[in-house]
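Reading through the structure tokens given below for one structure.
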Amino acid sequence: MKKVVGILALAGIGAFIAVVIVLHFVQPGYNASSQLMSELALGPHGSWMFIAFAGFALAAFSVQLGLGQLGAQWPIRALLVIASLGLLGAGVFRLGQFDLVHISLVTVAFIALVLSMCLFARSSVGSRGLSFVSWVLAATTSFSVAAGHSLMPLGVSQRLGAGSALAWLLLVALCLVRSKQGKGTGAWS
């Protein structure tokens with residue numbers, strides 16, 4: 001079952017990345033360095049952003065299922081559920097139609113993702129190397145989001161933050177796919 005949820009997480013990550021990359025090329029006048037990814041929903045093919053957000057949500061939800069099978073603490077799993085609901089909601093309540101709701105849901109989702117990354121790093125579910133990488137990716141996500149508008153263009157900072165969160169989900173998903181059956185830290189070997 002861990003392998004299945006790992007594959008689902010990988011599919012969700014792939015869907016998000018594929019949709020966002022394609023929309024970058026078909027959105028007229030879109031500037032990736034200064035505009036948010038959510039602004040891709042404002043273009044002629046903007047409805048595809050629902051698939052992107054749903055993919056991101058699927059990845060977070062699948063990872064929490066897999067971590068549950070490994071005996072992860074409930075707060076990590078609850079935060080990942082909150083993140084997945086926030087991301088899915090952000091896909092439903094698109095920018096341009098429900099701006100405040102959309103921005104609030106994305107904010108909640110990213111806070112929940114960063115907190116889950118930090119709790120995961122402190123837990124005994126993963127290896128030491130995975131814990132270190134989790135701390136680094138959580139810090140990178142936090143820094144990049146905070147650096148928007150001040151140290152780097154907003155579009156760049158958002159992509160760095162989203163990329164760091166997706167990298168963490170990707171790393172955990174790959175570990176789930178490659179893990180042995182069983183519960184606990186030995187499953188990561």
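Which residue out of GLY186, GLY91 is within 16 Å of LEU36 (Cβ to Cβ) and either surrounded by fewer than 16 Cβ atoms within 10 Å (Cβ to Cβ) or at pLDDT 95 or above (or both)?
Residue meeting the stated conditions: GLY91.
Taken over the stretch 127-146, the criterion of being under 13 Å from VAL172 (Cβ atoms) and without any contact (Cβ under 8 Å) to a residue 24 or more places away in the chain is satisfied by GLY129, SER131.
Does LEU36 count as at pLDDT 90 or above and touching a helix residue (DSSP H, G or I) at 6+ places or on another chain (Cβ under 8 Å)? No, not satisfied.
If you go through the stretch 117-133 and keep only what is small (Gly, Ala, Ser) and out of contact with any Ser or Thr (no Cβ under 9 Å at 6 or more places or on another chain), you end up with just GLY129. Here is the figure for the stretch 131-149: residues that are surrounded by fewer than 20 Cβ atoms within 10 Å (Cβ to Cβ) and modelled with pLDDT of 85 or more total 11.
To keep it simple, each residue is scored yes or no on (1) among the aromatic types (Phe, Trp, Tyr); (2) touching a helix residue (DSSP H, G or I) at 6+ places or on another chain (Cβ under 8 Å).
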{"position": "PHE98", "(1), (2)": "yes, no"}
{"position": "VAL101", "(1), (2)": "no, yes"}
{"position": "LEU105", "(1), (2)": "no, yes"}
{"position": "MET117", "(1), (2)": "no, yes"}
{"position": "PHE120", "(1), (2)": "yes, yes"}
{"position": "ALA139", "(1), (2)": "no, no"}
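The values are calculated or read from the model by the stated rules, or taken from the named source; none is laboratory data. Please read these numbers as outputs of a predicted model, since none were measured by experiment. Because the Cβ atoms are built from the backbone with ideal geometry, glycine has one as well, and the counts that use them run over all protein chains shown.
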